[in-house]
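What follows is one structure encoded as structure tokens, with my remarks underneath.
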Amino acid sequence: MRLARGRWADITGAVSNATQAWGSRLGVILAVTGSAVGLGNFLRFPGLAAKYEGGAFMVPYFVSLLVLGLPLAWAEWAMGRRGGAAGYHSCPGIFRALWKWKGSPYAGVFGLIVPVMIYMYYVIIESWCLGYAWKYLSGAMALGNDPAAYGAMFQSWTGMAADGSVFQGGGAPLVCLALCVLLNFFLIYRGLSKGIELFCLWAMPVLVLCALVVLVRVLTLGTPDPAKPDLNVLNGLGFMWNPRTEQVGFLEALMNGKMWMEAASQIFFSLSVGFGVVITYASYLRRSDDIALSATTSVAGNEFCEVSLGGMITVPAAFVFLGAAGAVGGTFALGFHTLPLVFERMPLGQFFGFLWFFLLFLAAVTSSLSMLQPAIAFLEEGLGLDRKGSVLLLAVITLIGTAFILFFSKGLAALDTIDFWVGTFCIFVLACIQCFLFAWVLGVKKGMEELDRGALLRIPGWFPFVIQYVSPLYLLAIFGIWAYQNMGGYVKSFQDPANDVVRWSIGFILLNFAFFLFLIHRAVRRWSAALPRPPEAGP
């Protein structure tokens, strides 16, 4: 059996643990934590909390963490390491190794579509962070106290005013985007240990240090304007964390299906579960490596960055200077309109503005790198491409998508459409597949044995019941409620003759599905010609 497993890895061209492996336990923990810690921690999470009545949002958030985030993280680490032992490092291959159904590799298409298509727009936002950091560092961000000036600058930088305008408004946004793309593909070309791990080993500590410095500055703001004593840090923290019942009651707020959907989506987005990322990263571990404590540590590290850092910086800072109205806004409005105005009014604001957008840039890079690795692994093991060939092919694929999103920039329509259907809907589908695969195909008995192998932490006894029954029912329930309350609006938006970009964006998503399904079909034929079925990793 050992010989068969080795022969399988050689024939398929999969990147074996001998050639691609993590250099250290700390390295893999920081890499997985880095994939989780991103823009969602510092912008999306506080924006959602402020939007959904403050503390009311924290109820579905922590429920989702306990019944979805942590259980699925354990499951993905276990399935990834087990699939890696069979010679696979991507969802199509790992699903084929664990699930004997002939269609299982095709179900793994979601594990390619989700990270690749999210990367297509994520790298654009990453370039915004780099551009803003450079503007603060060079002193070009001093626009005064006029909120309209910051809104106009953001519209000009992103091309929100008209489709294609970003290609006509000067080279700075495109230069920043090119630098981000080159950095990502340079690091991914260097591989796991010399690229992803090495970058995360220094980027994560620097990121946290920058966040702590900005946090200390925010918490020591006190009451900047004595004429407005209510606008102080304590009230800002209260605005972020206390349930607000001015418009609706607390229980009524909890009946909002969209809030539960977005809370679960935030958990998926911030933990990178349901992405196909964690399962790929875990596949490069040795069978004797701990995964129970490593998975728990990465989740805890992400929650520290999200709740303790992101939750205590963005909204309280905006509240102190701009009041409740300024602290509520969408992710982009809060991050790129409101906070620059806050830094303008803050002592040493240019310095803290640079630290803020630099940490956002580092967080974005650690996440975007992780989005590329699943597809790289698939192209290598499925099509037999070498590292250079797989990197070049993926660069072409993602550049086409990024150009599409960048061109249809008016109102960020293409970005928002792809973010919803891929960054929310497809993540839920992949999470359901992985939940079913771990609990009912692999089975909780084998799954627990995999988690216990080399474990430095005992998995709690409630986990098997939760992953078998609670997690899938919770997923289906909140998705069903959300669909009942909101799907009609999305259908009408699709049918609206004025929304051509929405239809084109959905068509582009379907085109990517067709392309990756074709590649998976080629991979399955190649794998089947080598061996009828991959050998399952032994106990």
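Laboratory data are not the source of any read-out in this text; all were calculated from the coordinates shown. Treat the numbers as computed from the prediction; the structure is a model and nothing was measured. All Cβ positions, glycine included, derive from the backbone under ideal geometry; neighbour counts span all protein chains shown.
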Honestly the range 394-459 on the Cα gyration tensor test (a ≥ b ≥ c root eigenvalues; a/c under 1.5 rounded, otherwise a/b vs b/c for prolate or oblate) is just prolate
Of 144-150, 83-89, 400-406, ordering from highest average Cβ density within 10 Å down gives 83-89, 400-406, 144-150
Given 360-368, 23-31, the highest-first ranking by average Cβ count within 10 Å works out to 360-368, 23-31
Length gained if residue 500 through residue 230 is fully extended, taking 0.36 nm per residue and subtracting the Cα-Cα distance, is 92.6 nm
Taking 0.36 nm per residue of separation between residue 287 and residue 392 and subtracting their Cα-Cα distance, the length gained on full extension comes to 34.7 nm
Projected onto their principal axes, the Cα atoms of the range 426-539 stretch, largest extent first, over whole-Å spans of 57, 41, 22
The equivalent-ellipsoid semi-axes of the range 278-319, taken as the square roots of five times the Cα gyration tensor eigenvalues and listed largest first in whole Å, are 33, 10, 5
In whole percents, the bins of 5 Å from zero upward hold the Cα-Cα pairs of the range 209-293 as 3, 10, 10, 12, 12, 13, 14, 11, 7, 4, 2, 1, 0
Share (percent) of C-alpha pair distances in the range 131-284 greater than 19 Å works out to 77 percent
Per the 1/(1 + (r/R0)^6) rule, R0 = 45 Å and r from the Cβ atoms of residue 518 and residue 137, FRET efficiency to 0.05 is 0.50
Packing-ranked peptide list from 152-161, 108-117, highest mean Cβ count within 10 angstrom first, is 108-117, 152-161
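Taking each pair of distinct Cα atoms in the range 253-362 once, what is the resulting Kirkwood hydrodynamic radius in Å?
16.6 Å
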FRET efficiency for residue 458 and residue 308 from the Cβ-Cβ distance with R0 = 30 Å, rounded to 0.05, comes out at 0.70
Sorted largest first, the C-alpha extents of the range 197-242 along its principal axes in whole angstrom are 49, 22, 9
Here the convex hull volume per residue of the range 49-167, taken over Cα atoms and given in Å³, is 210 Å³
The chain: spread of alpha-carbon positions along the three principal axes, whole Å, largest first, is 76, 51, 48
Given all pairs of distinct Cα atoms, the range 369-428 yields a Kirkwood Rh in Å of 12.9 Å
Across all Cα atoms of the range 171-225, Rg and the largest Cα-Cα distance (Dmax), in Å, are 16.9, 51
Taking every C-alpha to C-alpha distance in the range 320-466 and binning by 10 Å from 0, the per-bin percentages run 8, 20, 27, 24, 17, 3
